[in-house]
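The values are calculated or read from the model by the stated rules, or taken from the named source; none is laboratory data. The structure presented is a predicted model; accordingly, all values stated were derived computationally and were not measured. We place every Cβ from the backbone using ideal geometry, glycine too, and count neighbours over all the protein chains shown.
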Amino acid sequence: MLIRFNTVRRFLAGTAAAALLAGTPVLAHAETIAEALALAYANNPTINAQRAATRAVDENVPIAKSGMRPTVSASADISKSWSDDSLRGVTHLTPGGFGIAISQSLFDGFKTRNNVEAARAAVQASRETLRNTEQNVLFDAASAYLDVIRDQAIAGFRAQSLEFLNEQVRSERARFQVGESTRTDVAQAEARQAAAVAQLNAARAQLQSSIAVYRQVIGKEPHKLRGPAGVGNLVPGQLQRALDIAFAEHPAILATKYLVDQADWNVKSSESDLLPRVTLDGSA
């Protein structure tokens with residue numbers, strides 16, 4: 001399903017912020033799918049790790065810009081010597097010196113410009129990678145939410161079925177006692193009962209597995225989950241329209257395009273080493 005993710009992103013951020021402003025823990029009870037998604041968006045460690053990585057990549061732009069800034073270096077030296085003269089006695093000499101040098105690049109073959117553009121492309125790629133991570137985590141959160149609802153319903157149906165079969169076994173045994181049923185009928189009822197017990201245990205195990213995934217992705221135990229509303233109005237009406245949106249907006253595709261741009265700028269940066277350089281130097 002393709003949706004306009006930026007709108008969802010703003011909604012989730014607003015939902016989480018509203019809970020914070022209310023003075024309560026962020027979404028203490030994720031009862032709706034929107035609340036569960038907002039909780040995952042705010043606290044999921046995978047998203048937070050990618051956010052930190054994106055902030056680190058952002059720092060490469062000012063680092064690249066430093067290529068056209070002046071460099072200042074300073075030096076100092078001191079020495080000590082002495083001489084022993086029979087007439088003048090011992091003489092001590094302590095000469096020292098201090099120097100400063102400034103260098104300003106006037107033209108570096110466009111290397112700094114190319115490095116800056118490469119860093120900016122890397123920043124854009126990192127932001128799209130973050131957006132892709134957010135989409136994947138939110139998809140996992142929605143799947144975990146719906147899986148818990150599904151498995152809760154299945155476990156409930158299995159429990160009801162077992163109750164019915166338990167009653168059927170009791171009925172068959174009572175009928176056997178009065179001669180209205182055979183041992184075969186009782187054995188068949190007990191076999192169906194045993195199968196229902198196994199199915200209920202499997203359903204409960206699957207439910208616990210889904211709850212564990214929910215806890216891992218969303219960060220809390222599921223509590224009174226409500227079935228979500230339909231999303232038919234969010235789905236493009238035609239397949240080609242969905243493909244067009246994906247090619248134009250999918251973050252994985254956009255991140256790859258920015259990485260291609262970064263590679264192009266890196267090539268130009270390497271080629272700039274073949275051009276002449278002009279540097280203004282001064283020292284004192």
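Can you pull out the residues in the stretch 229-266 that are modelled with pLDDT under 90 and not hydrophobic (A, V, I, L, M, F, W, C)? Listed by number, the residues that qualify are G230, G232, N233, P236, G237. Looking only at the stretch 79-113, filter to residues that are in contact with a helix residue (DSSP H, G or I) (Cβ under 9 Å, 6 or more places away or on another chain) and either among the small types (G, A, S) or over 27 Å from G282 (Cα atoms) (or both); which one of those is modelled with the lowest pLDDT? Ranking the candidates gives S105 first.
Counting the residues of the stretch 109-148 that are closer than 22 Å to V231 by Cβ and either among the polar types (S, T, N, Q) or buried (at least 18 other Cβ atoms within 10 Å of the Cβ) (or both) gives 16. Within the stretch 267-283, residues that are farther than 19 Å from G99 by Cα and modelled with pLDDT of 90 or more reach partners that are β-branched (V, I, T) and assigned to a helix (DSSP H, G or I) with beta carbons closer than 9 Å, at six or more positions or on different chains, in the pairs S269/T112; S272/T112. Determine whether the stretch 194-205 contains at least one residue that is within 41 Å of the chain's Cα centre (by Cα) and either assigned to a strand (DSSP E or B) or closer than 30 Å to H250 by Cβ (or both). No, there is no match, as no residue in the stretch 194-205 is within 41 Å of the chain's Cα centre (by Cα) and either assigned to a strand (DSSP E or B) or closer than 30 Å to H250 by Cβ (or both).
Tallying residues that are more than 18 Å from A153 (Cβ to Cβ), in contact (Cβ under 8 Å) with a residue 24 or more places away in the chain and either in a helix (DSSP H, G or I) or not aliphatic (A, V, I, L, M) (or both) within the stretch 217-237 yields 6. The residues on offer are D281, D264, D244, D273, and the sole one that is part of a helix (DSSP H, G or I), surrounded by fewer than 17 Cβ atoms within 10 Å (Cβ to Cβ) and over 30 Å from the mean Cα position of the chain (by Cα) is D273.
A quick yes/no check of all residues on (1) under 30 Å from A64 (Cβ atoms); (2) in contact (Cβ under 8 Å) with a residue 40 or more places away in the chain:
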| residue | (1), (2) |
| --- | --- |
| G109 | yes, yes |
| R120 | yes, yes |
| T133 | yes, yes |
| V137 | no, yes |
| Q160 | no, no |
| S181 | no, no |
| R204 | no, yes |
| R215 | no, no |
